[in-house]
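Written below as structure tokens is the structure these notes are about.
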Amino acid sequence: KNIFKRINKINLSKSSEEIFLNTIMTYSYLPQKNLSDKEFLKLKINWLIENNKDDILEEFLNSNQDFHNRSKVIQYLVDKNIAKANLNEGCKKSEFISKDIKDSYLEKFKIYCLIFKDKKNEAQLVFDILKEQGLSNKFFDRKINFLLGINAKPDNTIRDDNLLNFYLSSVTVPNFSYEPSQKTNKFIWEYLNAANLVKIENFDDKEKIQTLEIAANNNSLNKSKIFQI
């Protein structure tokens with residue numbers, strides 16, 4: 001655990017990172033007796049996510065059908081593609097969701113993907129099962145009923161507690177407008193950036209300009225966007 005903490009503070013060279021990856025992805029023996037399989041797997045997955053090793057994570061999903069934190073890896077890959085406003089690719093990642101995974105976030109995204117692919121009857125069936133299992137909520141119900149055409153009137157509620165809720169808000173609220181802050185989730189910043197939803201109505205608003213500059217410096221917003229705005 002201490003080794004991971006130390007490595008997280010270092011900018012590894014390409015060759016050093018390659019050696020480290022080969023080491024942690026070897027399954028021969030655990031590095032020490034007082035570390036469980038689950039703990040070691042959690043360390044590895046967290047490192048891969050924090051270092052954006054998407055290809056390795058996807059390869060790991062393909063090679064291992066059942067492991068602790070599988071849903072966390074899938075959600076990360078799904079969110080990465082929603083953040084890029086690339087729903088086609090995000091929906092491909094939802095194919096990793098098996099019947100064994102009972103995760104409301106992923107099941108909700110799967111329902112949206114079915115609607116996105118114009119499979120509304122199938123989406124309705126999965127949606128009904130989700131509600132029967134008590135894994136839905138009023139916000140999601142209203143958004144999906146509108147997208148399914150059951151409700152003619154859109155729901156104007158905007159939620160930013162997670163990326164999926166924020167995305168559903170952006171595609172269902174007419175004339176969608178959102179004011180991000182320094183506390184806004186990084187994935188939401190990326191989505192706002194990719195979907196061209198960052199707007200400045202008042203150029204004398206120094207606080208908003210500063211918020212955008214901070215987001216750009218944190219790599220949450222493309223710096224060129226500020227100049228375009």
Original post:
Can Phe176 be described as among the hydrophobic types (A, V, I, L, M, F, W, C), assigned to a loop (DSSP other than H, G, I, E, B) and open to solvent by less than 50 Å² (accessible area, probe 1.4 Å)?
Top reply: yes
**OP:** Considering every residue within segment 70-85, establish whether at least one is over 24 Å from Gly149 (Cα atoms), among the acidic types (Asp, Glu) and open to solvent by 20 Å² or more (accessible area, probe 1.4 Å).
**Re:** no
Original post:
Can you tell me which residue in segment 12-50 is modelled with the lowest pLDDT, limited to those that are closer than 22 Å to Lys72 by Cα and basic (Lys, Arg)?
Top reply: Lys38
Original post:
Just for segment 1-51: of the residues that are aliphatic (A, V, I, L, M) and outside any helix (DSSP H, G or I), which one is least open to solvent (accessible area, probe 1.4 Å)?
Top reply: Leu35
Subject >> Index of the failed condition, Val198 passing every other in (1) open to solvent by less than 50 Å² (accessible area, probe 1.4 Å); (2) of a type in the set (Val, Ile, Thr); (3) farther than 28 Å from Ile49 by Cα; (4) not in a helix (DSSP H, G or I) >> reply: (3)
**OP:** Scan segment 135-160 and report the pairs whose first residue is over 27 Å from Pro180 (Cα atoms) and free of Cβ contacts under 8 Å to residues at least 40 places away in the same chain and whose second residue is of a type in the set (Gly, Ala, Ser) and in a helix (DSSP H, G or I), with Cβ atoms within less than 9 Å and a gap of 6+ or a chain change.
**Re:** Leu135/Ser104; Leu148/Ala123
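Here is a yes/no grid of residues against (1) touching a helix residue (DSSP H, G or I) at 6+ places or on another chain (Cβ under 7 Å); (2) within 29 Å of Asp141 (Cα to Cα); (3) modelled with pLDDT under 85; (4) assigned to a loop (DSSP other than H, G, I, E, B):
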| site | (1), (2), (3), (4) |
| --- | --- |
| Ser169 | no, yes, no, no |
| Ser181 | yes, yes, yes, yes |
| Thr184 | no, yes, no, yes |
| Asp204 | no, no, yes, yes |
| Ala216 | yes, no, yes, no |
| Leu221 | yes, no, yes, yes |
| Phe227 | no, no, yes, no |
Original post:
Looking at segment 121-136, is at least one residue under 20 Å from the mean Cα position of the chain (by Cα), of a type in the set (A, V, I, L, M, F, W, C), modelled with pLDDT of 95 or more and under 21 Å from Thr157 (Cα atoms)?
Top reply: no
Subject >> Cross-chain or 6+ apart pairs with Cβ under 7 Å, segment 73-93 first and within 14 Å of Ala195 (Cα to Cα), then of a type in the set (S, T, N, Q) and open to solvent by less than 10 Å² (accessible area, probe 1.4 Å) >> reply: none
Original post:
If Ile158 passes every condition in (1) among the aliphatic types (A, V, I, L, M); (2) open to solvent by 60 Å² or more (accessible area, probe 1.4 Å); (3) modelled with pLDDT under 95; (4) part of a loop (DSSP other than H, G, I, E, B) but one, which one does it miss?
Top reply: (3)
Original post:
If the Cβ limit is 6 Å and pairs must be 6+ apart or interchain, which residue in segment 10-25 that is closer than 13 Å to Leu48 by Cβ pairs with which residue that is open to solvent by less than 60 Å² (accessible area, probe 1.4 Å) and at pLDDT 90 or above?
Top reply: Ile24/Lys44
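The values are calculated or read from the model by the stated rules, or taken from the named source; none is laboratory data. What you are looking at is a predicted structure, and each value in this text was computed from that prediction instead of being measured. Heads up, the Cβs are rebuilt from the backbone with ideal geometry, glycines too, and the neighbour counts pull from every protein chain shown. Surface accessibility is based on the protein's heavy atoms, side chains included, excluding ligands, DNA and RNA. Shrake-Rupley method; radii C 1.70, N 1.55, O 1.52, S 1.80 Å.
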